Every structure is written in structure tokens, then in C-alpha cells.
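Visitor: Once you've had a glance at the structure underneath, I'll fire off some questions.
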Amino acid sequence: RPSIISRSEWGANAPKSTLRNLAEEPAPFVIIHHSASDSCTTRAICQARVRSFQNHHMNQKGWTDIGYNFLVGEDGNIYEGRGWGKHGAHSTPYNSKSIGICMIGNFVGHNPSVAAIKAVKDLIEYGVTLGKIQENYTLLGHRQTTSTSCPG
């Protein structure tokens, strides 16, 4: 079981309203994003970044909560976003049938750290074990779902 830093541990605000459940569970898709921001290599900095993303999504974009189900830092930690089984706000039209994982950093010119890649793999495997992600899931990068420079 990978270590997942809970919302209370990273200092999340409560969602503006009740989060909807996925229309399809276990989720048939996993969508990988990057934050297009500076990366983070310590838990303290990663937690601050996750709080910043949540504030931006809720206050500037007007969303109910942070858009992703989970986020992963280059510190190798997994940060709980909306969590398992929740409808995201990360990749229309996949929000109702996917788990959205955001890798914190800008990975257009280089790959994420080995620790971050391992954390994503471990999280997906754990989701399959829990019955939250289909065994035969489809893995997509964000740019495979919409017109974006996000490499996923």
C-alpha cells in the first residue's frame, strides 16, 4: 500500500459542496497530467503547491474542489486530491469515468523523477487492488484527451 498524504495532512480546504461520485466505477481510465509549475522535492514544498492548486481551482476557476483525484510530487509522495471514486475536474469528457493524477512540475522538456514515476505506478496498482480502477484500464496523457500542451 503506497503512503498517501491525506487532505487533512496537507491542509486542504473543504469542498464547496458534496463531490459527485464517478459514473463508472471501477474507473476505466487513468489520466496523467502535469501542473506546468515548478516541481517540488520536499514534502513541505509539495504540500504548499497542492494548497496553491486547490486555492486556484476553487477561487479563480470556481470549481467545487481541487480538480485532480491525486497529485504526485518529485519527492515521491502521493497527495490526496478528490480521492478515489470522485468525479474530477481535470479532463473533459473523461471526468466522470477516470482517475486524474497530476504530477507536480513542468515535464515538457524533461521526465519526472524516478521517485515520482514509481509513486504513480504504485498508486495505479493500488487503485486496481482496491477495485477503484479497472484491471484493464486505459492510461492516457492529458494531451490525448483534449487540445493541450500538457504532456501527461
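The values are calculated or read from the model by the stated rules, or taken from the named source; none is laboratory data. Here the structure is a predicted model, which is why all the values come from computation and not from measurement. For neighbour counting, all protein chains shown are included, and Cβ atoms are generated from backbone atoms with ideal geometry for every residue, glycine included.
Visitor: Are there any pairs, at least 6 apart or on different chains, whose C-beta atoms fall under 9 Å, with the first in the range 123-140 and farther than 13 Å from Ile78 by Cβ and the second of a type in the set (Ser, Thr, Tyr) and in a helix (DSSP H, G or I), and if so, which?
Guide: Lys132/Tyr126; Ile133/Tyr126
Visitor: Please go through the range 5-19 and give me each residue that is surrounded by fewer than 16 Cβ atoms within 10 Å (Cβ to Cβ) and either outside any loop (DSSP other than H, G, I, E, B) or modelled with pLDDT under 95 (or both), ordered by number.
Guide: Result: Ser8, Glu9.
Visitor: Just one of the numbered conditions (1) outside any helix (DSSP H, G or I); (2) of a type in the set (Phe, Trp, Tyr); (3) within 14 Å of the chain's Cα centre (by Cα) is not true of Phe53; which one?
Guide: (1)
Visitor: For the range 79-97, does any single residue satisfy the condition of being closer than 19 Å to Asn55 by Cα, under 11 Å from the mean Cα position of the chain (by Cα) and not in a loop (DSSP other than H, G, I, E, B)?
Guide: Among the residues of the range 79-97, at least one is closer than 19 Å to Asn55 by Cα, under 11 Å from the mean Cα position of the chain (by Cα) and not in a loop (DSSP other than H, G, I, E, B), which makes the answer yes.
Visitor: Same structure, new question: Given (1) over 18 Å from Ser6 (Cα atoms); (2) buried (at least 16 other Cβ atoms within 10 Å of the Cβ), identify the lone condition not met by Gly131.
Guide: With (1) over 18 Å from Ser6 (Cα atoms); (2) buried (at least 16 other Cβ atoms within 10 Å of the Cβ) applied to Gly131, the lone miss is (2).
Visitor: Does Ile117 qualify as being within 25 Å of Ser52 (Cα to Cα) and either assigned to a loop (DSSP other than H, G, I, E, B) or touching a helix residue (DSSP H, G or I) at 6+ places or on another chain (Cβ under 8 Å) (or both)?
Guide: no
Visitor: Of these, Asn106, Asn136, which one is modelled with pLDDT of 80 or more, of a type outside the set (Asp, Glu) and not in a strand (DSSP E or B)?
Guide: Asn106
Visitor: Right, here's the next one. Taking Ala48 as meeting all but one of (1) surrounded by fewer than 21 Cβ atoms within 10 Å (Cβ to Cβ); (2) under 22 Å from Gly141 (Cα atoms), write down the number of the exception.
Guide: It fails just one condition, (2).
Visitor: Got at least one residue in the range 34-44 being at positive phi, part of a loop (DSSP other than H, G, I, E, B), modelled with pLDDT under 95 and not hydroxyl-bearing (Ser, Thr, Tyr)?
Guide: Narrowing the range 34-44 to residues at positive phi: 36.
Now drop any that are not part of a loop (DSSP other than H, G, I, E, B), which leaves 36.
With modelled with pLDDT under 95 added as a condition, the list becomes 36.
From the residues that got through so far, the ones that are not hydroxyl-bearing (Ser, Thr, Tyr) too are 36.
Looking for residues that are at positive phi, part of a loop (DSSP other than H, G, I, E, B), modelled with pLDDT under 95 and not hydroxyl-bearing (Ser, Thr, Tyr), one finds at least one in the range 34-44, hence yes.
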